[in-house]
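All remarks here apply to the structure that follows.
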Amino acid sequence: MITGHHSYLRILTMKSDAVRGTCLLMCPESEIQMRQREGLVHVLETRDRREVRKGERIMADRRRMVKSYSRSAAGKDMLCADVLRPPPVLKRTINYLLSVAVCETNVAWPTVYEFVTDRLRSVRQDMVIQQPPAAVCCSILEPMVRFHAYAAYRLCEEPLEVYDPHLNATHLNESLKQLLVSYDASEISTMSPAQDQMEALYGLLHLGNVDALYRMLSLTPSKDGMLDIALQMSIARFHNNYVRVCRLMKHLPPLLACVAALHLPSIRRNALSVMNSAYSSKNLHFPVEHLGRLLLYESDKEVIEDCSHYGLRASDSSVTFLKGSFDFEAKDSKVKKLGFVDESIASVSLPELLLSDGDPES
């Protein structure tokens, strides 16, 4: 699953002639002046951090300005040291974005997401250009992965014009694959709690995938650790044991539960398809309430809606499975938030969720 990233691995091993950034601000002075002049200051970089009315003059807060992502272009020197932030400044920038900016309440969270995503992308760009040691790359990439994994769940019910899940998945996968390559390139022999969390997240993101399974097995996870639970879930998914997958999901820590919840529509679809063959009978009526408990539905109404969506006959109290009735052309039902995941997230602060490794003992 991490093939195609040999070029990034080569970058990690070519550090001797890499440029070293000298910018000690979150945003280079030249960019601050340019964006103020051109009116390109983001609402979260303004003094009162609220939506600006048309025609209103933007009052920038220089302390809150963060370097924006910029594509390389002809005549633009991406290797200029005075616009590159060294690793300590990149880490400080990440800490600001994921402890202050994400908690902003004066603007809608999709706006916060758009801002933080762009600025994290810029951080990753500065990191790749400077080619720091693998261990430093890990410390920079880990919070990025957490942010995009959390955002995928928090924004899952937003309309496409507000939030693009495919674009977020691209950012998540790119950051995660770079992180795994960095782990493989590092000389640390013992898995840290952060790596345990990230390897588990990778396994859950690719639940049941053979390549992801091989990677998890090669790491010999410790019993009852985050990676061990993810491995058990992935094996259960591989063997179509959907009930066990759902049962194990409730044992995941908050961030990993966010990732696993994204698979629930496809898990339910596959489970209903299997059950439709296994329990096919005109005289058998499967209780809606029991089906809801097995597949983590929030209500009987959701069970009935899903069954109807896939062509199964459902009443207020039971589902009738009949071979040939399942609609294989129907798309997966939409991802929805789950009560037990929301409760798990609410048990920790957002900065703690994004900046810690999820290990209560660390």
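The values are calculated or read from the model by the stated rules, or taken from the named source; none is laboratory data. Here the structure is a predicted model, which means the values were calculated and not measured. Positions of Cβ are generated from backbone atoms using ideal geometry, with glycine treated the same way; all protein chains shown enter the neighbour counts. The area values use the complete protein model at the heavy-atom level, side chains included, leaving out ligands, DNA and RNA. Shrake-Rupley method; radii C 1.70, N 1.55, O 1.52, S 1.80 Å.
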With criteria (1) under 26 Å from L160 (Cα atoms); (2) buried (at least 19 other Cβ atoms within 10 Å of the Cβ); (3) not charged (D, E, K, R), P110 comes up short on (2)
A careful count of residues in region 149-164 that are open to solvent by 10 Å² or more (accessible area, probe 1.4 Å), of a type outside the set (A, V, I, L, M) and outside any loop (DSSP other than H, G, I, E, B) gives 2
In region 188-199, residues that are in a loop (DSSP other than H, G, I, E, B) and either open to solvent by less than 20 Å² (accessible area, probe 1.4 Å) or in contact (Cβ under 8 Å) with a residue 24 or more places away in the chain (or both) total 3
* F328: in contact with a strand residue (DSSP E or B) (Cβ under 6 Å, 6 or more places away or on another chain) and among the aromatic types (F, W, Y), yes or no? -> no
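Identify, please: which residue in region 1-51 is of a type in the set (V, I, T), part of a loop (DSSP other than H, G, I, E, B) and at pLDDT 80 or above and is, among those, surrounded by the most Cβ atoms within 10 Å (Cβ to Cβ)?
As a first pass, look at region 1-51 and keep what is of a type in the set (V, I, T): 2-3, 11, 13, 19, 22, 32, 41, 43, 46.
Filter once more, keeping what is part of a loop (DSSP other than H, G, I, E, B): 2-3, 13, 19, 22, 41.
Retained after the next criterion (residues that are at pLDDT 80 or above): 19, 22, 41.
Values: V19: 13, T22: 14, V41: 20.
Among them, the one singled out is V41.
Evaluate region 126-134: report whether one residue or more is assigned to a helix (DSSP H, G or I) and within 26 Å of A346 (Cβ to Cβ). Let's see the steps before the verdict.
Here is the first cut: in region 126-134, the ones assigned to a helix (DSSP H, G or I) are 126-130, 134.
Next, only the ones that are within 26 Å of A346 (Cβ to Cβ) stay: none.
Scanning region 126-134, I find no residue that is assigned to a helix (DSSP H, G or I) and within 26 Å of A346 (Cβ to Cβ), so the answer is no.
Residue by residue through region 200-250, note down the ones that are in a helix (DSSP H, G or I), free of Cβ contacts under 8 Å to residues at least 40 places away in the same chain and of a type in the set (D, E).
D228
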Here the qualifying pairs (Cβ atoms under 6 Å; residues six or more apart or on different chains; first in region 116-129 and at pLDDT 95 or above; second among the charged types (D, E, K, R) and open to solvent by less than 10 Å² (accessible area, probe 1.4 Å)) come out as D126/R85
- Based on what the data block shows, is R85 at pLDDT 95 or above and part of a helix (DSSP H, G or I)? no
Just to be sure, is V145 β-branched (V, I, T), over 14 Å from C27 (Cβ atoms), open to solvent by less than 10 Å² (accessible area, probe 1.4 Å) and at pLDDT 95 or above?
yes
Out of (1) touching a residue at least 40 places away in the same chain (Cβ under 8 Å); (2) closer than 21 Å to E31 by Cα; (3) surrounded by fewer than 16 Cβ atoms within 10 Å (Cβ to Cβ), the one D77 does not meet is (1)
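Being more than 19 Å from L256 (Cα to Cα), in a helix (DSSP H, G or I) and within 13 Å of the chain's Cα centre (by Cα) narrows it down to one residue among L176, L167; which is it? Reasoning before the result, please.
Numbers: L176 fails: more than 19 Å from L256 (Cα to Cα).
On inspection, the qualifying residue turns out to be L167.
Scanning region 154-172 for residues that are free of Cβ contacts under 8 Å to residues at least 12 places away in the same chain and not β-branched (V, I, T), which turns out farthest from R121 (Cα to Cα)? Working first, answer last.
At the first step, the residues of region 154-172 found to be free of Cβ contacts under 8 Å to residues at least 12 places away in the same chain are 159-161, 164, 166-167, 170.
Of the ones still in play, those that are also not β-branched (V, I, T) are 159-161, 164, 166-167.
Details: P159: 23, L160: 21, E161: 21, D164: 16, H166: 16, L167: 12 Å.
Once the filter is applied, the top-ranked residue is P159.
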Residue pairs qualifying under the 6 Å Cβ cut-off, at least six apart or on distinct chains, with the first in region 276-290 being more than 21 Å from D300 (Cβ to Cβ) and the second being surrounded by 15 or more Cβ atoms within 10 Å (Cβ to Cβ), are S280/F321; S280/L322
